[in-house]
Amino acid sequence: MISDLQLSKMLLCMALLEQEISKFLLNIAEALEGGNEANAILIYVGLDSLKHEYILEKIAKDLVDGVEVDLESCQDLVGTESVKLIKLLRKKTKELIERPISTKHARRLIEEQTRMEGQIGEEYLNLCQAKVFSIATASKKAKRVLELISEDEEKHIQLLNEALEYLV
């Protein structure tokens, strides 16, 4: 059985991913020239991911006060793909900070993010959440919050696809 410490660290790894998704989407919105409707959607999804980060971190720290995690331990806890995704998002976010981007470039980044959320990110979250669900039945609050986050992830993909429609 997984200990509270391991569970707490897994939740923090999920929070790290949500944090990087949030930063990436908010930076696309900030760097994008024009595209007001797309900006609004990117900001919405970015802030929603920030909310997920906060909630996951709160649950983790309620389980084990003062718990912390780094990328190396995340790799051991939730796998290599999640760490690769976090590193990729950090790199792409750093690139965005340096300059404004065109509608075409924003479209490419959003398409890439949608694929990442739909493939690696979604699989990662579902895998982690499945592990958490299997051991967190005692915590109905945590289980319900994770179910809601999973539903939000599906909405994020739909919203990002809608943002693409505005960037023609």
Selection count, segment 98-132, where residues are assigned to a helix (DSSP H, G or I), at pLDDT 85 or above and surrounded by 17 or more Cβ atoms within 10 Å (Cβ to Cβ): 7
Matching residues, segment 1-50, being of a type in the set (Val, Ile, Thr) and part of a helix (DSSP H, G or I): Ile21, Ile28, Ile41, Ile43, Val45
Criterion (assigned to a helix (DSSP H, G or I), touching a helix residue (DSSP H, G or I) at 6+ places or on another chain (Cβ under 8 Å) and acidic (Asp, Glu)) met by exactly one of Glu53, Glu95, Glu68: Glu53
Pick from segment 133-168, criterion surrounded by 12 or more Cβ atoms within 10 Å (Cβ to Cβ) and among the hydroxyl-bearing types (Ser, Thr, Tyr), ranking: modelled with the highest pLDDT: Tyr166
Selected residue (only one of Leu42, Leu47 is surrounded by fewer than 19 Cβ atoms within 10 Å (Cβ to Cβ), within 23 Å of Leu159 (Cα to Cα), of a type in the set (A, V, I, L, M) and under 17 Å from the mean Cα position of the chain (by Cα)): Leu47
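The values are calculated or read from the model by the stated rules, or taken from the named source; none is laboratory data. Every value quoted in this text rests on a predicted model; they were computed, and no experiment measured them. Ideal geometry is used to build each Cβ from the backbone, glycine not excepted, and the neighbour counts take in all protein chains shown.
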